[in-house]
Amino acid sequence: MSYPFQITSPEAYHQAVQKSIQDPEAFWAEIASTFLWKKRWDKVLDWNFTEPKIEWFKGGTLNITENCIDRHLGQSGNKPAIIWESNDPDEHHRVLTYRDLYNKVVQFANVLKNNGVKKGDRVCLYMGMVPELAIATLACARIGAVHSVIFGGFSAQSIADRLQDAQAGFIVTCDGAFRGNKEIPLKSVIDDALVQCKFVQRVIVLTRTRTPISMLKGRDVWWEDEIKKVETMGNPDCPAEEMNAEDPLFILYTSGSTGKPKGVVHTIGGYMVYTTYSFVNVFQYQPGDVHFCTADIGWITGHSYIVYGPLCAGATTLIFEGVPTWPDAGRFWDVVDKFKVNILYTAPTAIRSLMGFGNDPLIGKDLSSLKVLGSVGEPINEEAWHWFNEKIGKKNCPIVDTWWQTETGGIMISNLAGITASKPSFATLPLPGIQPILVDENGKEIEGNDVSGNLCIKFPWPGILRTTYGDHERCRVNYFATYENLYFTGDGCYRDGDGNYRITGRVDDVLNVSGHRIGTAEVENAINMHAGVVESAVVGYPHDIKGQGIYAFVIFENTHDDEKLTKLDIIQTVSRVIGAIAKPDKIQFVTGLPKTRSGKIMRRILRKIAEDELGSLGDTSTLLDPDVVADIISGKL
Ligand code: WTA
């Protein structure tokens, strides 16, 4: 498969940008025409950012799995679609060709149907990084069910919240998952979540760790048994459901600055076009390349650049079950060497952590297959960039620093590998079709170069979120109400003299810990649930490996126990309420928090204290009790 929309020169990039601004509809229609539609659209784009209403390829019908799988069967049926590497280096890897993938997706789509799943139903997927997760994802899409993948690190309470919000009646999970030297008891976590979710009718359980689990009669069934049933039916086909371009494809929960995580909704047609277009152009994928994205499918990066983008492009995508540091810190390089990986897409936090192990883990690893390196999830510091470039890419592989968000569906600002220039710690230039703008606090555009501001996007692109599940108003308020007629990203940004963009981090109360988005309000809420906690305030602070660490200031009322144990208890509560990924790195007990006279916590001051920037605390005289600041500083961890 070759890609008519692949940009192969800097001139072609600039032309595409021009065209995408002058006539966005014609620009995207031409790209969308290269996909398989059951019925062509009537209208390319209908939109306003006030409601917001965004509809791409309106009236068009399709099934994304025909684009991900069926259309490759003719020429590429025997080509590897998925390569799977186990957590255990001694377990045999698996390769699924496009034909195999087709068979398995169709089979599992029938399993879903047999278990009562219908078009439009929400199906929660809580699994480890096994090929069956991709299969289940695609099987949902095949029959028009809406998947909601939940990352394996979230707690029972988080799962219950998400199940309730989406009213998901079906779950696909595993008995357990292997991650490094740990075993994660997925089914047992699901069982705890379901105590609160009686509306769940069916749990389909894949065997992976074969750890003992409870199987509730009438509710829980084994994946393997259900597949057998389909096989005894003579393996019927499963025609791809005809879906509207604007039908939802999935819900993915993500943290914001307030309240519980919200369910970002992506729809089928636009998401498909945008992820494929960005995949091919950013990574400059060439037929036959092996693409290794190290993210978990539980995050947007895995959705877009392990599953949908690569498969729509007929690529070979590698799924790795394990972690970069187990059995040792050379594991990524073993995987690259073993499968002759051409494109490696990972996160700065992983790079920094591996950098810390020095050069020994690289000895004897052949990385010469690598052509393109990618980074995502958080700003990449120059030191990590240079290490990645020199030690991994041997100065021979362009690095794409890709800025985007769960809400944007795909990569928005990035250089195109080997086509447009990279610049360390800069995401560089917008993709064609993306119109970024910087604004000041009042929403006034900041023009020119060598300027900083809040990053917004002024025109829709096909991959933009359409709503937040069950609460459209929340979507409007969160993204479209801060600045009139603009999509607000929540990120601060600098534009250099050449027009390159550098993302400087969130300007709202969202933390980015190891590339994972966590709302400070969410963590505070969890801490406040701990018995004895009166009040808390959470801020981020610079962390060498994680990028940001979580610093919690806590007012605690009785200390019958020693402080150390109480802190461990609080961490335990946060793990229960949200999941291990939200555990505070530092907890400081304080007697008061800096508040304004109206009772609002002055986080700015706490942030400065946590960042050790005591010289720039600013004016504290307007605080209700200015003395509290000195107290907090004296107890700083
Ligand atoms: C941050 C992940 C700097 C940013 C795909 C954004 C980045 C948030 C970069 C979205 C990058 C992502 N450089 N910062 N290349 N990529 N971010 O939704 O703050 O998990 O708003 O999506 O990560 O995180 P999310």
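Each value in this text was obtained by applying a stated rule to the coordinates, not by laboratory testing. Only a predicted model underlies this, so the values are computations on that prediction, with no experimental measurement involved. Backbone-built Cβ (ideal geometry, glycine too); neighbour counts: all protein chains shown.
At R0 = 51 Å, how high is the FRET efficiency between residue 88 and residue 11 if r is their beta carbon distance? Nearest 0.05 is fine.
Rounded to the nearest 0.05, the efficiency is 0.60.
Using a simple charge model, +1 on the beta-carbon of Lys and Arg, -1 on the beta-carbon of Asp and Glu, nothing else, what dipole does the stretch 513-634 show about its Cα centre, in debye to the nearest 20?
Magnitude of the dipole: close to 480 debye.
When we measure straight from the Cα of residue 19, which aspartates and glutamates land under 16 angstrom away, once same-chain ones fewer than 8 places off are left out?
List returned: 11, 30.
What is the gain in length, in nm to one decimal, between residue 471 and residue 78 on full extension, counting 0.36 nm per residue of separation less the C-alpha to C-alpha distance?
On the way: separation 393, 0.36 × 393 = 141.48 nm, distance 4.38 nm.
Gain in length upon complete extension: 137.1 nm.
Residues with beta-carbon under 14 Å from that of residue 39, excluding residue 39: net charge, scoring Lys, Arg +1 and Asp, Glu -1? Intermediate results must be reported in sequence, preceding the final value.
Numbers: positive: 38, 40, 43, 58; negative: 42, 66, 241, 242, 246, 247.
That works out to -2.
Show which lysines lie in cross-link reach of residue 600 when reach means a straight Cα distance below 18 angstrom and same-chain residues fewer than eight apart are skipped.
By straight Cα distance, residue 600 reaches 608.
Compute the normalised compactness of the stretch 513-634: alpha-carbon radius of gyration over 2.2 N^0.38 Å, N being the residue count.
Against the empirical 2.2 N^0.38 Å value, I get 1.04 for the stretch 513-634.
To check you understand DSSP bridge types, tell me what percent of the beta bridges within the chain (both residues inside) are antiparallel, rounded to 5.
Taking every DSSP beta bridge with both residues in the chain, the antiparallel ones total about 60 percent.
Where the Cα atoms of the stretch 1-155 are projected onto their three principal axes, how long is each span, largest first, in whole Å?
Reported extents, whole Å, longest axis first: 53, 38, 35.
Tell me whether the stretch 8-80 comes out rounded, prolate or oblate; compute the Cα gyration tensor, take square roots of the eigenvalues as a ≥ b ≥ c, and use a/c under 1.5 as the rounded threshold.
Because a/c hits 1.5 or more and a/b fails to exceed b/c, the stretch 8-80 counts as oblate.
Relative to the present Cα-Cα distance, how much length would full extension add between residue 484 and residue 390 at 0.36 nm per residue of separation?
Numbers: separation 94, 0.36 × 94 = 33.84 nm, distance 4.40 nm.
Answer, rounded to one decimal: 29.4 nm.
Sort 512-524, 489-501, 228-240 for me by packing, meaning the mean count of neighbouring Cβ atoms within 10 Å per residue, highest on top.
So the peptides 512-524, 489-501, 228-240, ranked by packing, come out 512-524, 489-501, 228-240.
Using Cα centres only, tell me the gap between the stretch 450-473 and the stretch 491-517 in whole Å.
What the calculation gives is 15 Å, centre to centre.
Report, in whole Å, the centroid distance computed from the Cα atoms of the stretch 1-59 and the stretch 328-406.
If we compute the Cα centre of each part, the gap is 32 Å.
Sequence-distant or interchain residues sharing an amide H contact under 5 Å with residue 253, placed H: which?
Placed amide hydrogens put 264 under 5 Å from residue 253.
Specify the inter-centroid distance of the stretch 260-275 and the stretch 573-628, based on alpha-carbon positions, in whole Å.
35 Å
Provide the gained length on full extension for the span residue 114 to residue 625, in nm with one decimal, where the gain is 0.36 nm per separating residue minus the Cα-Cα distance.
Working it through step by step, the gained length comes to 177.6 nm.
Over all alpha-carbon pairs of the stretch 505-566, lay out the pair-distance distribution in 5 Å bins, whole %, shortest bin first.
Bins of 5 Å from zero give 4, 18, 25, 20, 15, 12, 6, 1 percent of pairs.
Taking the Cα-to-Cβ direction at residue 231 and at residue 195 and moving 7 Å from each Cα, how far apart do the two end points lie in nm?
Those two pseudo-labels are separated by 3.7 nm.
In the calculated pair distance distribution of the chain, what percentage of Cα-Cα distances lie above 37 Å?
For the chain, the fraction of Cα-Cα distances above 37 Å is 34 percent.
Under 5 Å between amide H atoms, partner at least 5 residues away or on a different chain: which partners does residue 437 have, H built in plane at 1.01 Å?
Hits under the 5 Å cutoff: 456, 457, 458.
Could you run the Karplus curve 6.51 cos²θ - 1.76 cosθ + 1.60 with θ = phi - 60° over the stretch 24-40 and give me ³J(HN,Hα) per residue in whole Hz, x for Gly and Pro?
Per residue, the Karplus-derived 3J(HN,Hα) values read x, 5, 5, 4, 6, 5, 5, 5, 4, 5, 7, 9, 8, 10, 7, 9, 5 Hz.
Based on other C-beta atoms within 10 Å, arrange 627, 569, 165, 562 from fewest to most.
562, 627, 569, 165
Across the Cα atoms of the stretch 362-490, what radius of gyration and what greatest pairwise Cα-Cα distance (Dmax) are found, in Å?
17.5, 56
Can you pull the one-decimal nm distance between simple spin-label points at residue 50 and residue 360, each 7 Å off the Cα toward Cβ?
Each label point is offset 7 Å from its Cα along the Cβ direction, giving 6.5 nm.
With label points built 7 Å along Cα→Cβ from the Cα atoms of residue 2 and residue 458, find their separation and express it in nm.
So the two model labels end up 3.7 nm from each other.
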